[in-house]
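Worksheet: the structure to be examined is printed underneath.
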Amino acid sequence: MAEGLLYVLSQPRDGGEAAFHDWYDAEHGPARLALPGVHRGHRYRAADGATPSWLAWYDLDLAVLHTSRYRDLREHRSDRERSVIAALEVFERRVYRLLDEHGTPAAAPPPLLLARSLTVEPGHAADLDDWYAREHVPALLAIPGWRRVRRFALEDGDAPRLLTLHEIDDPSVFDTEPYRAATSTPWRTKIMRHALADERRLFAHHSTFGAPAGNTR
């Protein structure tokens, strides 16, 4: 069964944050986590000052997105859900298929999530994969506090074709010499010359669907 990721970016309008958070935490997220095949669900807030300010992501079996129960959630929204979604500035849904993963997942959700999305020129996808596998990922995972790296291919949505999720313990990793060395190699420079789209976002953990009250980690 294909493993995947549901990745949803959203932005409430000023003044609508309380209704947005209550709807997401009490209705929208839990309804998806209740579906067989949806394994975990988390909400993250922007830690980079950019918008959209909110990310919800779910680890799941891609097949669940084609079930009648999931379709019912999207096609028969509650009055509350329709009202909240209509008031959002951004509600962007992306679906990804897992390509590979490296490192060791922790029991708790990562405090920080670095999301890098890339599209490279035709004919250079294999070069990108080779660089990730042989240089970039090993260098990052050697940095203390860099937990896991997972790479995904876009299945549905308007976004760069490849997504890499980096699970990180603390933002101090970005100020270390090993991080600077890992992100400034000649091989990386060569690969990035062929990037057609490049999106970088940093998010901090906000809450986990299904976690006990008061436990957001």
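Every number here is computed from the coordinates shown, using simple stated rules; none is lab data. This structure is a prediction, so every number in the text was calculated from the model and none was measured. Glycine gets a Cβ as well: all are built from the backbone with ideal geometry, and neighbour counts include every protein chain shown.
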Within the chain, helix-based [θ] at 222 nm, where runs of 4 or more DSSP H residues each add -39,500 (n - 2.57), nearest 500: -6000 deg cm²/dmol
Counting only DSSP loop positions in region 123-208, the trypsin sites (Lys or Arg not before Pro) whose Cβ has at most 12 other Cβ atoms within 10 Å are Arg193
Taking the alpha-carbon centre of each part, the distance from region 68-112 to region 166-201 in Å is 26 Å
The answer for Glu155, listing residues at least 5 apart or on another chain whose modeled amide H is closer than 5 Å to its amide H, is Val95, Tyr96, Arg97
Loop GluC sites (Glu not before Pro), region 12-115, which have at most 13 other Cβ atoms in a 10 Å radius of their Cβ (DSSP): Glu89
Shape parameters for the chain, alpha-carbon atoms, Rg then Dmax in Å: 17.8, 54
Fewest-first ordering of Asp100, Asp175 by Cβ atoms within 10 Å yields Asp175, Asp100
For region 24-151, what is the per residue volume of the convex hull drawn over the alpha-carbon atoms, in cubic angstrom? 155 Å³
Final fewest-first order of His166, His124 on the 10 Å Cβ neighbour count is His124, His166
Between Asp48 and residues 5 or more places away or on another chain, the pairs with built amide H atoms under 5 Å apart involve Leu202
³J(HN,Hα) computed for each position of region 181-188 - Karplus, 6.51 cos²θ - 1.76 cosθ + 1.60, integer Hz, glycine/proline x: 5, 5, 10, 9, 7, x, 5, 4
Taking Rh as the Kirkwood radius computed over C-alpha pairs, what is the Stokes-Einstein D of region 76-162 at 10 °C in a medium of viscosity 1.306 mPa s, expressed in µm² per second? 101 µm²/s
